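The values are calculated or read from the model by the stated rules, or taken from the named source; none is laboratory data. Keep in mind that this is a model prediction, so the values were computed, not measured. Heads up, the Cβs are rebuilt from the backbone with ideal geometry, glycines too, and the neighbour counts pull from every protein chain shown. Side chains are part of the model used for accessible areas, which takes the heavy atoms of the whole protein and leaves out ligands, DNA and RNA. Shrake-Rupley method; radii C 1.70, N 1.55, O 1.52, S 1.80 Å.
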Amino acid sequence: MEFLESVISLIITLGILVTVHEYGHFWVARRCGVKVLRFSVGFGKPIFSWHDKLGTEYVVAAIPLGGYVRMLDEREGHVPSELKAQAFSSKPVSQRIAIAFAGPLANFIFAVLAYWLMFVLGFSAIQPKVGAVIDGSPAYEAQVPVGSIITQIDDEPVHGWRDLVMGLVNYIGDTDTVSLTAQVDGVSKQFDVELDKWVAGEKEPDLLRSFGLEPFKPRIEPVLDTIIEGGAADQSGMLSGDIVRVADGVEIDDWYQFVEIVQNSAGQQLIVEVERSQSPGLVALKVVPEGVESQGRLVGKIGVGVEPYKYPEELIVQVSYSPLDSVGAAASQTWSDIAMTFGAVKKMVVGLVSLDNLSGPITIARVANQSISTGLEEFLRFLALLSVSLGVLNLLPIPMLDGGHILFYLVEAVRRKPLSEKSQLMALKLGMSFVFMLMAVAFYNDIMRL
C-alpha cells in the first residue's frame with residue numbers, strides 16, 4: 001500500500017512540475033510565433049490526447065518521468081515554405097534563448113507561488129531550542145549555550161530546525177564562519193561558528209549533529225503505541241499500551257533513553273521489562289533489534305512507536321504573512337533555494353559534496369508521499385524546493401538540457417553562425433552520456449537507501 005501511495009505521489013509531483021516547466025517553453029514559443037506541434041506530459045505511448053484550434057496536440061503519456069514540447073523545426077524534418085516563418089529554427093537567437101530559458105524560469109516562478117501560498121496560509125513551527133551541544137564540535141567551540149533558541153543564521157530568519165539545516169547546507173565543504181543569532185535568557189546574542197572543510201565528501205552527513213547541536217526534546221513517557229506487524233517488537237510479544245520500565249538492565253524513565261539503547265543494540269538480544277495493565281509485576285520480553293544502515297552506521301530498530309506527545313506551547317510559533325509581505329518572503333526563499341542548489345552542484349563537481357547524496361525518483365516518491373501525508377504546508381515546501389532543483393539542473397550547460405541549448409545559441413551569436421551538425425551531435429551524445437550516468441548513480445543511491 002505504501003509503495004502504491006509513493007508511486008501516486010511521484011506521478012502527482014512530477015506531473016505538476018513537468019507541466020509547469022514545459023508550459024514555460026510552450027507559452028514563450030507561442031509568443032514568439034513558433035508553431036507548437038505537441039505538448040506532452042510524460043514519455044512513451046499516449047494515454048489520451050486532444051488538439052486545439054491551432055493544431056497543437058496535447059498528450060498525457062504513460063511514463064511520467066518528464067515531458068517535452070515539440071515545435072516545428074527544419075532540423076527535424078521538412079517544413080513547407082508557407083510555414084517556415086513559424087519554425088523554431090528560423091527564429092533569431094534571442095528568441096530561441098528565451099524559449100529555452102522559459103522552462104527553468106517557469107519552475108522558479110512556480111516556486112515563488114508555492115512559497116507565497118504557504119506563507120499566506122501560515123504554518124506552525126517548533127522553535128529551535130538547543131537541547132545539547134556536542135563536545136569538541138564547531139558550536140561547542142563557539143560557546144553556543146544549551147537552552148538558547150536560534151533565531152537567525154547569517155541574515156536569514158530561522159523559524160524552526162528545518163530553516164537552520166537548510167542554511168547549513170550552504171556551508172558544506174567550506175572553511176568559513178557561520179553567524180548565529182540566538183535568544184539567551186531573553187537577550188539576543190551573536191555567535192560566530194568557525195568551520196574547516198566542514199563535512200566535505202561525507203556520505204549523507206547529519207548536518208545538525210556535525211555542527212554540534214542537538215534539539216531540545218521534551219520528556220516523553222515510554223508508553224508503546226504503534227506496533228508494526230512482523231517487526232521485532234511484535235515478534236517479542238510487545239503490546240500497545242505497554243510501559244517500558246527496564247531495558248538491558250537499565251531503568252527507563254524516558255522514551256529517548258529506550259530508543260538510544262535499542263539503536264545501539266543492532267542484532268543483539270535485549271531483555272525488556274514492561275509494565276502491562278492487568279498483569280502482576282513486570283513482564284520480561286526478549287527482543288533482537290534489526291540492524292538498519294543510517295548516517296553511515298548500523299542502527300537498531302524494533303518497529304514500535306510512542307504515544308503522541310506535544311511540545312511546550314511556548315516553543316510553538318505560528319508563521320504567516322500578509323498577501324503583500326508574502327511576495328517578498330516567497331521571492332527571498334526562492335532565491336535562497338536557487339543559490340543553495342547552484343552551490344551544491346558546484347561542490348558536487350569539485351568533490352566537496354559526495355555523489356552519494358544524489359537522489360532519484362525512488363527517493364522523490366518517498367519524500368513526496370511523506371510530504372503529502374504530512375499536510376499542505378510540507379507539500380508546498382517540497383514542491384517549491386523540487387521545482388527550483390529542476391530549474392537549476394536544466395540550466396546547467398550540458399547538451400540535451402536547456403542550458404546546453406542556450407550554450408549552443410550563445411556560441412552561434414558570437415560566431416554569427418551555428419555550430420556544425422557534427423559538432424552538435426557529438427556534444428549531444430556526450431551530454432546524454434553524462435545525464436544517463438547521473439541518472440544511474442541516482443537510481444543506485446535510491447536502491448541503497450531502501
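Could you list, in sequence order, the residues of segment 178-195 that are of a type in the set (Asp, Glu) and assigned to a strand (DSSP E or B)? If the condition is that a residue be of a type in the set (Asp, Glu) and assigned to a strand (DSSP E or B), then Asp192, Glu194 are the ones that fit. Suppose we keep only residues that are of a type in the set (Ser, Thr, Tyr) and over 30 Å from Asp248 (Cβ atoms) within segment 288-338. Which one would you say is surrounded by the most Cβ atoms within 10 Å (Cβ to Cβ)? If we take residues in segment 288-338 being of a type in the set (Ser, Thr, Tyr) and over 30 Å from Asp248 (Cβ atoms), then Thr334 is surrounded by the most Cβ atoms within 10 Å (Cβ to Cβ). Restricting attention to segment 198-228, the residues that are open to solvent by 50 Å² or more (accessible area, probe 1.4 Å), in contact (Cβ under 8 Å) with a residue 40 or more places away in the chain and of a type outside the set (A, V, I, L, M, F, W, C) total 10. Give the residue that is nearest to Asn107 (Cα to Cα), with candidates limited to residues of segment 42-66 that are assigned to a strand (DSSP E or B) and open to solvent by less than 30 Å² (accessible area, probe 1.4 Å). Only one residue fits best here, namely Gly66. When we screen Gly237, Gly267, Gly241 for residues that are of a type in the set (Gly, Ala, Ser) and under 15 Å from Lys301 (Cβ atoms), the only hit is Gly267.
Let's see how each residue does on (1) crowded, with 17+ Cβ neighbours inside 10 Å; (2) farther than 30 Å from Lys217 by Cα; (3) in contact with a Cys (Cβ under 6 Å, 6 or more places away or on another chain):
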residue	(1), (2), (3)
Leu83	no, yes, no
Ser90	yes, yes, no
Tyr115	yes, no, no
Phe123	yes, no, no
Gly131	no, no, no
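Just so you know, in segment 427-450 the residues that are closer than 25 Å to Leu407 by Cα and open to solvent by less than 50 Å² (accessible area, probe 1.4 Å) include one that is modelled with the highest pLDDT, and it is Ala427.
Evaluate segment 63-81: report whether one residue or more is closer than 26 Å to Val414 by Cα and aliphatic (A, V, I, L, M). Yes, there is a match, as at least one residue in segment 63-81 is closer than 26 Å to Val414 by Cα and aliphatic (A, V, I, L, M). Is it the case that Val69 is β-branched (Val, Ile, Thr), surrounded by 22 or more Cβ atoms within 10 Å (Cβ to Cβ) and outside any helix (DSSP H, G or I)? So Val69 fits the description; yes. I'm checking my understanding of the structure. Among residues of segment 28-40 that are open to solvent by 30 Å² or more (accessible area, probe 1.4 Å) and assigned to a strand (DSSP E or B), which one is farthest from Ser90 (Cα to Cα)? Checked segment 28-40; the qualifying residue farthest from Ser90 (Cα to Cα) is Arg38. Of all residues in segment 231-250, those that are farther than 11 Å from Leu285 by Cβ have Cβ atoms under 9 Å from Cβ atoms of residues that are open to solvent by 40 Å² or more (accessible area, probe 1.4 Å) and part of a helix (DSSP H, G or I), 6 or more apart or on another chain, in Val250/Gln257. Scanning segment 151-169 for residues that are open to solvent by less than 70 Å² (accessible area, probe 1.4 Å) and in a loop (DSSP other than H, G, I, E, B) yields Asp154, Val158, His159, Gly160. Restricting attention to segment 175-201, the residues that are in contact with a Leu (Cβ under 9 Å, 6 or more places away or on another chain), modelled with pLDDT of 90 or more and farther than 14 Å from Val144 by Cβ add up to 4. Check segment 252-262 and report whether any residue there is assigned to a strand (DSSP E or B), over 30 Å from Phe191 (Cα atoms) and at pLDDT 90 or above. Scanning segment 252-262, I find no residue that is assigned to a strand (DSSP E or B), over 30 Å from Phe191 (Cα atoms) and at pLDDT 90 or above, so the answer is no. Taking Arg75, is it within 24 Å of Leu419 (Cα to Cα), part of a strand (DSSP E or B) and of a type outside the set (Phe, Trp, Tyr)? Taking the combined requirement at face value, the residue does not satisfy it. The selection criterion, being touching a residue at least 60 places away in the same chain (Cβ under 8 Å), within 26 Å of the chain's Cα centre (by Cα) and on the phi > 0 side of the Ramachandran plot, holds for Gly173.
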